[in-house]
4 protein chains.
Amino acid sequence: MTEPDMDLAHLAHVELLTPDMAGSLGYFSDLLGLEVTETLGNAVYLRGFEEQYHHSLKLTRAAQAGLGHAAWRVRSPAALERKVAALERAGCGGRWMDGEVGHGPAYRFRTPGGHAMEIFWEVDYALTPVGKATPLRNRPQRRPARGIPARRIDHFNLMTADARKDRDFLVDVLGFRERERVDLPDGNLLASFLSVTNLSHDVALVPDPGGMPGRFHHLCLYYTSIQHLFDLADLARERGLRIEAGPGRHGIGGAPFLFMFEPGGNRIELIGDPGYMIFDPAWRTVVWGANDLDVAAAWTGAPMPPSFWEIGTPGDRAVGSGDDPAVSRSLEVQE
Amino acid sequence: MTEPDMDLAHLAHVELLTPDMAGSLGYFSDLLGLEVTETLGNAVYLRGFEEQYHHSLKLTRAAQAGLGHAAWRVRSPAALERKVAALERAGCGGRWMDGEVGHGPAYRFRTPGGHAMEIFWEVDYALTPVGKATPLRNRPQRRPARGIPARRIDHFNLMTADARKDRDFLVDVLGFRERERVDLPDGNLLASFLSVTNLSHDVALVPDPGGMPGRFHHLCLYYTSIQHLFDLADLARERGLRIEAGPGRHGIGGAPFLFMFEPGGNRIELIGDPGYMIFDPAWRTVVWGANDLDVAAAWTGAPMPPSFWEIGTPGDRAVGSGDDPAVSRSLEVQE
Amino acid sequence: MTEPDMDLAHLAHVELLTPDMAGSLGYFSDLLGLEVTETLGNAVYLRGFEEQYHHSLKLTRAAQAGLGHAAWRVRSPAALERKVAALERAGCGGRWMDGEVGHGPAYRFRTPGGHAMEIFWEVDYALTPVGKATPLRNRPQRRPARGIPARRIDHFNLMTADARKDRDFLVDVLGFRERERVDLPDGNLLASFLSVTNLSHDVALVPDPGGMPGRFHHLCLYYTSIQHLFDLADLARERGLRIEAGPGRHGIGGAPFLFMFEPGGNRIELIGDPGYMIFDPAWRTVVWGANDLDVAAAWTGAPMPPSFWEIGTPGDRAVGSGDDPAVSRSLEVQE
Amino acid sequence: MTEPDMDLAHLAHVELLTPDMAGSLGYFSDLLGLEVTETLGNAVYLRGFEEQYHHSLKLTRAAQAGLGHAAWRVRSPAALERKVAALERAGCGGRWMDGEVGHGPAYRFRTPGGHAMEIFWEVDYALTPVGKATPLRNRPQRRPARGIPARRIDHFNLMTADARKDRDFLVDVLGFRERERVDLPDGNLLASFLSVTNLSHDVALVPDPGGMPGRFHHLCLYYTSIQHLFDLADLARERGLRIEAGPGRHGIGGAPFLFMFEPGGNRIELIGDPGYMIFDPAWRTVVWGANDLDVAAAWTGAPMPPSFWEIGTPGDRAVGSGDDPAVSRSLEVQE
């Protein structure tokens, strides 16, 4: 048995594109209680009140919603070198980005499915905002008194036309462990849930019904309790935000969920506990059949609505823009 | 910078000694809903309904309560070899144990403070108990319908007369990262919280007011919600079990807690969420001063009672056996 | 303004008919943790661990599922006389029942929609079961350590072909206050929610798509927290019980809900908090339009599935027995 | 048996005196999310987002903290007349107040213990604040997105030197039912919990260790979940507010509690569920012995600290102003 690849440490931040910066910012800052740490040109940087880095979310103005990029922090400088070499060896080489706020040099590349990712080592830590010091020494700042404050980002899901190719890339080149997966009757891969941490997934791959590469399914943020999901849903319903699914509890991963669309058009998941965690270093991938899909997606609660399997960002006019006015509105926003 | 030591993967199981096997078994099986997986001679093996190994808790009949041993699973066979070599190099060499149920060869050693630990690689996975199959594929069995079922073990705390020596051993020899600590005014170490996982601590070191080596402070099990802590407290009060502290929420680690004594006399903690998790591979230890101790121990809720800082197992007649009849009873049970 | 009619005090018990006594008993006793207080002939009497009367639920063997009767306790002996007189004056006179276990003479009558109800004054209080004494003096017994223990019954819903007629009867003859209602576009009444207590409803009237009189929609029991609904759903899914809807939160009344079918075929609701309570003695009925129905039924969570508006007990072969095998199975059980 | 007295319907509002209006307002509006409905002279009127009347809390500038008055809404105009007559008959006659905002003529009187109370019938309903309309038709406004929003006031506790006299007054003259009580070994009454609603208590009487008449113990507001108590405690700790006790769960009434002091110096309780409710019209008072006091006060959680039995508002320099700097500070604020 070869030694396990521990070079990636965790998901450090995600960049979301938004055609409605004011709306997106209101959503993440006022409703989810994220702290704005910097605004620079077309981008706003935010983080949860328990997060230690400069930012975990970057919002960037764009014509369409979608994923800008997702960034992984490696475990050491040597790990960074090893991973860059592995990417180049695999023919997925990218380029060094040097000017980003909040962290040092990052190596940017694209997955086979066309999603932009980065890996980096050096990071800037969060400063305590003026007037927000706390005696709780393991937080960089006080808990906000606005909205329902999310604690941290948790994971994200990508849409892909070839889950197997993306999964193999994440496992073979980047060192992810596949924790759960859904197999098609023909043995092909429908969806895959992978992590480099003790979470059940840091990233997931779900099928894209259209042919557009690089589409984004959702970003997930983390709460303490199912009660927070119900409270957020209450606030969201009254403010006209579109809730897509939940509260419910996933079969895969086991976390209680709420899915909604932020005003920029991206799907956001909120979870109320981490589900089960994985400590076994020889974890055997949990395999679901496609006919288990409803249970796998929603062990507790109503089955996911069709939109969940159809809508991604950037939007595809041909898909999901049916007669649901909320959907239409949300898609209009994106385009 | 040297490469991080990732050889230990996680806390695999804990052995508790009990002078009241019937009482302890009733507590863990009926009240905490653990599944008994095997009974062998003087020992009973149990695990939580979401745990994947043969057992996470071994109860062994003994004259006094206390820790039997705690076992860490390594990340690979090579990691096992490396750690055994490191232990021997450090003069803490032990011996191989080969006959234990539920896992392969384990290397047993003692920490400087006198606590028995093991490391091992090969493990037996849980079998689904007859009649307890579940369509939820990431669990080995159904959720029990008795008591308030704990999901898994989380961490344990040791009492030690020299926290610095034990902390250095765990960090330097075994590869733990120190996540939080409490410093005495003279710069000496009062308490330390360490992990090899993304949890804020897998093991903690707290001071022992007496001079007895190898004493145990508590084992912690994991729930989903603060509600479970209140429900368990309700059941426990009516059944005459002694609750020592909580529900409250720790400053250190941030988990909501309940502390009680199982009938065998060992202190058990239950937590209702994991608190904050640590993903930063260069985590800077959070340092508390001894004058922060109340806040560090109980950020929410009443300060810990004196017994929390005094009682350990095996019990010490000279300590903590004051005029609280519940304490006295619990100590009598042990002896 | 006339003086308010306070003669009815509250819902005292509900009798459910079951063609599967073993299944129903397992559900209510093992899963919902109700205490069996007496078994007599074809009936079993149960109550929640916080309930003070002999029983709040009577299960009676029958060929089909459905409501046996629902019983209201009046506020005084004089109130009983007044209500009997009012019933007789309204042409809804019934007869005195004298031999029931757990309470004194009860006057039984039928509502216009054909549902059997009783009113009574004298009641037997619960005895503490042997070995279940508690130091908590406001409970007759300990909290059970099995299943997810429900605290008490809360309300029930009836299906009716003429909600207006039933509503008027409950208001004019029995003294209920209408708390919320749903109006059809033509001004007719679709559904009505009424109470004599500070709860938002003790009884509700919902439309029956078929023509059968006296059908039952659901009985609701009460929990402390949404967490209990998720825990119960977890247990239920693994034991093959059919969950129909939720967890979600009602618009009407505001309680978080879970709907399922007990093995006998009756729909059972569980709520995780009481929603809002009504203290205003001049409460103005909250009026929803039929086009608000989805929001009114499920403010949080997926809209109610079609079965929710179709299935009642006893079952009607012509309704709801579609291609959902779970539905078919549940209906078969009843017949 | 005489007919039960149902003339009082519920607690409508409480007036608190505050020597620190800015601080108190910040506490109730920003932290507890109450809506300010009117500001007039020395008073600010507020209510919870689910409350239907003009206000449930009146804050009035004063030299010292304490209770201004508490107001009960009667069930009908005739009930108002009956109660005024009963008060005058009992020698507790007061006077009519006609100019208060938010309700019609109120009859003000003093209890034997010297606390000011009012009864009234006519009330003004809340208007929906501009921009805060909601599709949830049973709320006058949206759920606030600030602090941890309390839903409504629940009850209040008074300190008294002669609990028996006050209890008898509330029962005999006003029609309260005594739900629970604590008896002294000599048979005298230590504390009493009474209600006119289905809540376990709308008002409670607790002993005053000093001799000052008319002192106030606490006002209680209502949340949905224990999680809210922990979240509020988190916010409060970081903002330097003094938490006195909890989270825990009362034996009496059974509600989960958190006790803190608002900046004006008044003690505020927050509860996370209503505890058990009382529907039995012939409820037999639950009697605790004084030696049960710890369990009665805190069934779950640490026993109440000494300050809980000592401090009331207005403060008494001779009591409770010991060496706890937080207490001293809070008392300084008042004086």
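When the alpha-carbon atoms of segment D:66-117 are used, the pair Rg, Dmax equals 11.0, 32 angstrom. With the label put 7 angstrom out from Cα along the Cα-to-Cβ vector, D:Asp172 ends up 4.4, 7.9, 9.1 nm from the copy partners, going from closest to farthest. Close amide H pairs (under 5 Å, H built 1.01 Å from N) link D:Met97 with D:Ala106, D:Tyr107, D:Arg108, residues at least 5 positions away or on another chain. When the Cα positions of D:Pro144, D:His55, D:Val14 are compared along the charge dipole of segment D:1-155, D:Pro144 comes out farthest toward the positive end, with charges on each C-beta of Lys, Arg, Asp and Glu. This model, with +1 at the C-beta of Lys and Arg and -1 at the C-beta of Asp and Glu, gives chain A a dipole about its Cα centre of some 760 debye. Name the aspartates and glutamates eligible as straight-distance cross-link partners of D:Lys132: C-alpha to C-alpha under 15 Å, and not fewer than 8 places from it in the same chain. Output for D:Lys132: A:Asp234, A:Glu238, D:Glu35, D:Glu50, D:Glu51.
Copy-to-copy label distances for D:Pro129, where each label lies 7 Å from Cα along Cα-to-Cβ, are 2.1, 4.9, 5.3 nm in order of increasing length.
Taking θ as phi - 60° and the Karplus parameters 6.51, -1.76 and 1.60, the scalar couplings of segment A:254-263 work out to x, 7, x, 10, 9, 10, 9, 10, 6, x Hz in sequence order, x denoting glycine and proline. Near C:Asp168: Cβ cut-off under 10 Å, other residues only, Lys/Arg at +1 and Asp/Glu at -1. The net charge is -1. Secondary structure note: in segment D:55-132, about 70% of the DSSP beta bridges are antiparallel. Net charge within 15 Å of B:Ala78 by Cβ-Cβ distance, Lys/Arg positive one each and Asp/Glu negative one each, not counting B:Ala78 itself? Here the count lands on -3.
The fraction of all Cα pairs in chain C landing in successive 20 Å bins from 0 to the largest distance is 32, 62, 6, given as whole percents. Considered as an equivalent ellipsoid built on the Cα gyration tensor, the protein assembly as shown has semi-axes of 49, 37, 33 Å, the largest given first. The rotation axis taking chain D to chain B passes closest to the C-beta of one chain D residue; that residue and the distance in whole Å read D:Ala302, 2. Amide H contacts under 5 Å for D:Val286: D:Glu180, D:Arg181, restricted to partners 5 or more places along the chain or on a different chain, H placed in the peptide plane at 1.01 Å from N.
Projecting 7 Å from Cα along the Cα-to-Cβ direction, the label point of D:Gly211 sits 5.6, 8.2, 9.4 nm from its equivalents in the other copies, listed shortest first. The mean count of C-beta atoms from other chains within 10 Å of the C-beta of residues in C:264-271, rounded to a whole number, is 0. Listed values for segment A:122-132 are Karplus-derived 3J(HN,Hα) couplings in whole Hz (6.51 cos²θ - 1.76 cosθ + 1.60, θ = phi - 60°), namely 6, 9, 9, 8, 5, 8, 6, x, 4, x, 10, and x replaces Gly and Pro.
Over the protein assembly as shown, dividing the summed -39,500 (n - 2.57) contributions of all DSSP H runs of at least 4 residues by the number of residues returns a 222 nm mean residue ellipticity of -5000 deg cm²/dmol.
Expressed as a whole percent, the proportion of Cα-Cα pairs in segment D:1-143 lying more than 27 Å apart is 28%. Basic side chains Lys and Arg get +1 at the Cβ, acidic Asp and Glu get -1 at the Cβ, and with that the dipole of segment B:261-308 about its Cα centre reaches some 80 debye. Across segment D:199-215, computed HN-Hα scalar couplings (Karplus, 6.51 cos²θ - 1.76 cosθ + 1.60, θ = phi - 60°) run 6, 5, 7, 9, 8, 9, 10, 10, x, 9, x, x, x, 6, x, x, 7 Hz from first to last residue, x flagging Gly and Pro. Peptide B:216-225 is shielded by partner chain Cβ atoms: per residue, an average of 3 of them sit within 10 Å of its Cβ. Seen from B:Glu88, the other residues with C-beta closer than 12 Å to its C-beta sum to a net charge of +3, counting Lys and Arg as +1 and Asp and Glu as -1. Distances between placed amide hydrogens fall under 5 Å for B:Leu190 paired with B:Val182, B:Asp183, B:Leu184, all partners being 5 or more residues away or on another chain.
Structure remark: mean-square fluctuation, Gaussian network model of chain D, C-alpha springs under 10 Å; the largest value among D:Ala86, D:Ala163, D:Ala12 belongs to D:Ala86. Work out which trypsin sites (Lys or Arg not before Pro) in chain A are exposed loop sites (DSSP not H, G, I, E or B, at most 11 other Cβ within 10 Å) and give the longest gap free of them. Segment A:1-283 is the longest.
Peptide A:9-20 shows a mean partner chain C-beta count of 1 within 10 Å per residue C-beta. Counting only DSSP beta bridges with both residues in the protein assembly as shown, the antiparallel share comes to about 70 percent. Spin-label model, C:Leu127/D:Glu3: points 7 Å from Cα along the beta carbon direction are separated by 3.7 nm.
Of the beta bridges in chain D, as assigned by DSSP with both residues counted there, near 70 percent are antiparallel.
What are the lysines whose alpha-carbon lies under 24 Å from the alpha-carbon of B:Lys83, with same-chain residues fewer than 8 places away excluded? The qualifying lysines are B:Lys58, B:Lys165. Computed from point charges on the beta carbon alone (+1 for Lys and Arg, -1 for Asp and Glu), the dipole magnitude for segment C:67-157 about its Cα centre is near 560 Debye.
Ligands, DNA and RNA aside, D:Ile311 has an accessible area near 10 Å² when probed at 1.4 Å.
The values are calculated or read from the model by the stated rules, or taken from the named source; none is laboratory data. In this text, all values refer to a predicted model and were calculated from it rather than measured experimentally. Reconstructed Cβ throughout: ideal geometry from the backbone, glycine too, with neighbour counts over all protein chains shown. Quick note on the areas: whole protein, heavy atoms, side chains included, nothing else; ligands and nucleic acids left out. Shrake-Rupley method; radii C 1.70, N 1.55, O 1.52, S 1.80 Å.
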